[in-house]
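Taking it in order: structure first as C-alpha cells, then the write-up.
The values are calculated or read from the model by the stated rules, or taken from the named source; none is laboratory data. Since we're looking at a predicted model, the values are computed, not measured. Heads up, the Cβs are rebuilt from the backbone with ideal geometry, glycines too, and the neighbour counts pull from every protein chain shown. We work out accessible area using only protein heavy atoms, side chains counted, and drop any ligands, DNA or RNA first. Shrake-Rupley method; radii C 1.70, N 1.55, O 1.52, S 1.80 Å.
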Amino acid sequence: MADRVTVIGWDGSPLTDAARGALGAATLVAGAAHHLALPEVPPGAERIRLGSVALAARRIAGHRGTAVVLADGDPGFFGVVRTLRAPEFGLEVEVVPAVSSVAAAFARAGMPWDDAQVVVAHKRTLRRAVNVCRAHTKVAVLTAPGAGPAELGLLLDKVHRTFVICEELGTAREQVTVVTSDKAADHTWRDPNVVIVIGGNGGRTPAGPGSASGESGGWIAGRDPADGPRGWTRPADAYDGPLGEGETDLLRAAQLARLGPRVGDLVWDIGCGSGAFATEAARGGAAVIAVDRDPRACARTETAARRFGLQVQVVHGIAPHVLEDLPEPDVVRVGGGGAAVVEAVADRRPQRIVAHAATRDDAERVGRGLTEHGYRVECALLQSVQLDTRVWTETERSVAFLLSGEMPPSGATR
C-alpha cells in the first residue's frame, strides 16, 4: 500500500505550496493528460492516465511509495475522493482542494448558486438529470461524454431553458457560451464542461447570467423544502374553482402516498383537471407533465403552477393518443380515461400507476388491465365525510375506489 496518498484539486490557478510539496515527493502520479503535463510532476515518478478511478485506486493500493492524484476542481465534490476512500481499497487520503467546477461556472456567469440544484449526468443518469432541469429553475449539470449539452437540449424537447455552457474551465481553452436549450444540439461541445440550466416560472432564479434576483438568500442550499404551506394537499379553494370527483383532498393525498414522486422522477398526470395533483406532485421536486383534453383544464393547471412558482409542462390532447410523443414516465396518475388509458400507460412500463374508479365494475376492469401487464395491484375503497365543526353536521361525502399498480423489480416473482 502507498505510504501516503494526496489528492490535489486543480482549477487552473498556480498550485499551492502544499500541493507543490506533495507533488515534489511523489513516486506515483495519477491524473488526466493535462495534469500529467504540469511542470511540477517529477520526471521520475510513475504516471497513471486517470480513466477508471477504481483501476487507479487498485494500482495505488499496490504501490510502495508516495502517491498523488490530480483532479479538476474540488475532488471531494462529486469527485475522486469518494472512490479512493472506498473500503475495498483501504486508502487513507489527504486532500488539497480547489474551487469546484460548479462554483467556477457560476462565477463566470456572475450568478449566485446557493439556490441551485447540482446533478451529475452520465449515460445512466442522463434522463433523471433532465427531469431535474424540467422541475427546477436553476440547475448545474456536471456532464460526461454522451451526456452533455447536446443530449440535455434534445431530451428537454419542448421545455425552454437557457444554457450557460462552460467548457474546459481553468485552461487556456476555457470558453463560456450562452444558448437556448433548443440550439444546444447544433454544436459540438468540448469536454469537460459544466452546464448551468436556467429558466421557467417563478422561484428565486434570476432571468439570466449576471442578473440579480434582489433576494437576500435562503437558509439551505438548493430548493427550500419549506416553501408553501404544510401538508401534501391544499384545500380546494386554492385552485380557483370546483374540483372534480377524482380530486378530493383524501384521494389526492392517497395517490401521492402511493406514487411517492421525488427529485429526478417524471410524473404524468393524465386528466389533470384543476391542476391540483400536478402542482402537488411538483412541490416534491419531481418533473410533471399534465395532460387534459379540455383547454380550460389546461389553462387552470398552468395558472396554478405559476401561482405556486412550480414548473409543470401542460399538454393539451386526448389520451391515449397524445401520450405517444411524451418522454418516459417514472410514475403516473390516471385521473380520466378509464381502463383504456390505464392500459396504454401500462404499455410504457412506469414503476407505479394510480387510478380511481366510481364503481366496483370499473375498478375490476382497471385492476385486470394492470394485472395483465405484470403489475402488482392493490385496491382500496376510500370514503371521506366532511363535517361542519360548528354544528358537527355532514357537509360533503365522497366515495371512490383507489387502484395502484406497482411493477415488480426485474426477476421478482408475482
Q) In whole Hz, what ³J(HN,Hα) sequence does segment 363-372 give by Karplus (6.51, -1.76, 1.60; θ = phi - 60°), x for Gly and Pro? A) 4, 5, 4, 5, x, 5, x, 5, 4, 5
Q: Report the residue, chosen from 271, 21, 79, that carries the largest GNM mean-square fluctuation when the chain is represented by alpha-carbon nodes joined by springs under 10 Å.
A: 21
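Per DSSP H run of at least 4 residues, take -39500 (n - 2.57); add these up for the chain, divide by its residues and hand me the 222 nm value, nearest 500 deg cm²/dmol.
-7000 deg cm²/dmol
Just add up the charged neighbours of residue 101: K/R +1, D/E -1, any other residue whose Cβ is under 15 Å from the Cβ of residue 101.
Values: positive: 108, 173, 190; negative: 11, 72, 74, 167, 168, 174, 191.
Around residue 101, the surrounding residues sum to -4.
At most 16 other Cβ atoms within 10 Å and a DSSP loop assignment: could you name the trypsin sites (Lys or Arg not before Pro) in segment 239-283 that fit? List each step's numbers first, then the result.
Details: sites: 252, 258, 262, 283; in loops: 262.
For trypsin sites (Lys or Arg not before Pro) across segment 239-283 that sit outside H, G, I, E and B with at most 16 neighbouring Cβ atoms in 10 Å, the list reads 262.
For a test of the definition: using alpha carbon positions, the gyration tensor, and the 1.5 limit on a/c, classify segment 278-354 as rounded, prolate or oblate. Can you show the working numbers first?
On the way: a/c = 2.12, a/b = 1.38, b/c = 1.54.
Oblate shape, in that a/c is at least 1.5 and b/c is the bigger or equal ratio.
Counting only DSSP beta bridges with both residues in the chain, what percent are antiparallel, rounded to the nearest 5? Write down the numbers at each step before the final one.
On the way: 37 of 77 bridges.
Bridges in the chain are about 50 percent antiparallel.
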Q) Got a sec? Charge dipole of the chain, +1 on Cβ for Lys and Arg, -1 for Asp and Glu; which of 177, 162, 359 is way out at the positive end? A) 177
Q: Please go through segment 69-149 and write out the trypsin sites (Lys or Arg not before Pro) that DSSP classes as loop and that have at most 16 other C-beta atoms within 10 Å.
A: 123, 124
Q: Give the shape of the chain as rounded, prolate or oblate, defined through the alpha-carbon gyration tensor: a ≥ b ≥ c are the square roots of its eigenvalues, a/c under 1.5 means rounded, and otherwise the shape is prolate if a/b is larger than b/c and oblate if not.
A: prolate
Q: Keeping all protein chains in place, calculate the accessible area per residue for the chain (probe 1.4 angstrom), answer in Å².
A: 48
Q) Once you charge only the Cβ atoms, +1 for Lys and Arg and -1 for Asp and Glu, what is the size of the charge dipole of the chain about its Cα centre, to the nearest 20 debye? A) 620
(Q) Tell me the net charge near residue 281. Cut-off is 14 Å between Cβ atoms, residue 281 excluded, with +1 for each Lys or Arg and -1 for each Asp or Glu. (A) +3
Q. In segment 152-188, which trypsin sites (Lys or Arg not before Pro) fall in coil by DSSP and have 15 or fewer other Cβ atoms within 10 Å?
A. 158, 173
Q: Please work out the Cα center distance from segment 112-151 to segment 30-44, rounded to the nearest Å.
A: 30
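Nearest 20 debye, what's the magnitude of the dipole of segment 311-414 about its Cα centre given +1 on Lys and Arg Cβ and -1 on Asp and Glu Cβ? Intermediate results must be reported in sequence, preceding the final value.
Working: 11 positive and 15 negative charges, 48 e Å.
Approximately 220 debye in magnitude.
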Q: Report the net charge of residues surrounding residue 319, where surrounding means a beta-carbon distance below 15 angstrom and charges are Lys +1, Arg +1, Asp -1, Glu -1.
A: -4
Q: Would you check the accessible area of residue 239, probe 1.4 Å, heavy atoms only, in square angstrom rounded to 10?
A: 10
